[in-house]
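Worksheet for the structure shown next.
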Amino acid sequence: MFEAILWGVVQGLTEFLPVSSSGHLRLVPELFGIEPPDLATTAVLHLGTLVAVLAYYRTDLKWMLTSLRTDRLARRLVTLLAIGTVPAMVVGLGFSDQVERLQESTTAVGLGLIFTAAILAIGERFTVGTVKAERAKPLDALLIGLAQAVALIPGVSRSGMTISTGAGLGLSRHESARFAFLLSIPVIFGSGLLEMVEARSQGDLAAELLIGITIAAIVGYGAIIFLIRGLTRWGMKPFAWYCLAAGLLTVAFL
């Protein structure tokens, strides 16, 4: 029970803050000398954070679903999100074994965090843009999607990669985050569903994991609010320093 709560908090915080959830789910058990979350727990945690992002962007999702036939901008945004989803699907399905092997290496996770820190720092140097997500170009969506695919590497933050890439392409910080989090929905759903199916086939699912999904959803929702508000006040710099420190300590001591 305690571990389900712990993993729910870790996943909820790190899925949306630009610090890498996959990296923290590997490093936290290493730090405390406990077993990492099993496949069933990971699947449930993904679905918890999916609930969080669906709840936060419910207005956008309702607009896209109800206005798809009548609103050109709604159709454009759906199309852009579809384009951006393709790279992560290709990499996730084609290189899942390689990604899992990297997850087992704390050194790989540490290097991923250092890489994330570098991307966040570079992203801070771009001039803040004004482009809205639905006004982005198809090539922009593809590049942001490629950034999301790179973030399948443990230690590399999905939100950090996609938000920084969006900002570099001229989107405002808020619109970069909006596009990044909407883009995360298919990936979170797909990875969580695959893990859930595999866990059920192994008989690993337990009713107490419902606590984990609830905690992940609540904490994840709060993390989205915190990041969106923080982007205007302090940007990505605090997260860049955190990832750098965490990555260097991981490589040096773990």
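Every number here is computed from the coordinates shown, using simple stated rules; none is lab data. As the structure is a computational prediction, the values presented were derived from the model and not from experiment. Please note: Cβ atoms are built from the backbone with ideal geometry, for glycine as well, and neighbour counts cover all protein chains shown.
Sorted ascending by nearby beta carbons within 10 Å, beginning with the fewest, Ile122, Ile83, Ile213, Ile163 become Ile122, Ile83, Ile213, Ile163. Based on the convex hull around the alpha carbon atoms, the chain presents an average projected area of 13.0 nm². Under the criterion of Cα pairs below 8 Å and six or more residues apart, the relative contact order for segment 2-253 equals 38 percent. For the chain, the 222 nm mean residue ellipticity estimated from helices alone, with every DSSP H stretch of n ≥ 4 adding -39500 (n - 2.57) and the total spread over all residues, rounds to -26000 deg cm²/dmol. In this structure, Asp60 and Phe253 have a Cβ-Cβ separation that, at R0 = 45 Å, corresponds to a calculated FRET efficiency of about 0.60. Model label sites at Arg135 and Phe32, defined 7 Å from Cα along the beta-carbon direction, differ in position by 4.6 nm. When each of Arg229, Arg173 is scored by the number of other beta-carbon atoms lying within 10 Å, the sequence from fewest to most is Arg229, Arg173. Look at Trp234, Trp7 and count the other Cβ atoms within 10 Å of each Cβ; fewest to most, that gives Trp234, Trp7. Under the simplified labelling scheme, the Thr127-Val99 pair shows an inter-label distance of 3.6 nm, with each label point 7 Å from Cα along Cα→Cβ.
Applying a length cut-off of 27 Å (Cα extent along the axis) and a mean Kyte-Doolittle floor of 0.5 to the DSSP H helices of the chain leaves 72-94, 173-201, 209-233. Measuring nothing but how far apart in sequence close Cα pairs (under 8 Å, 6+ apart) lie, relative to its length, segment 1-104 scores a relative contact order of 22 percent.
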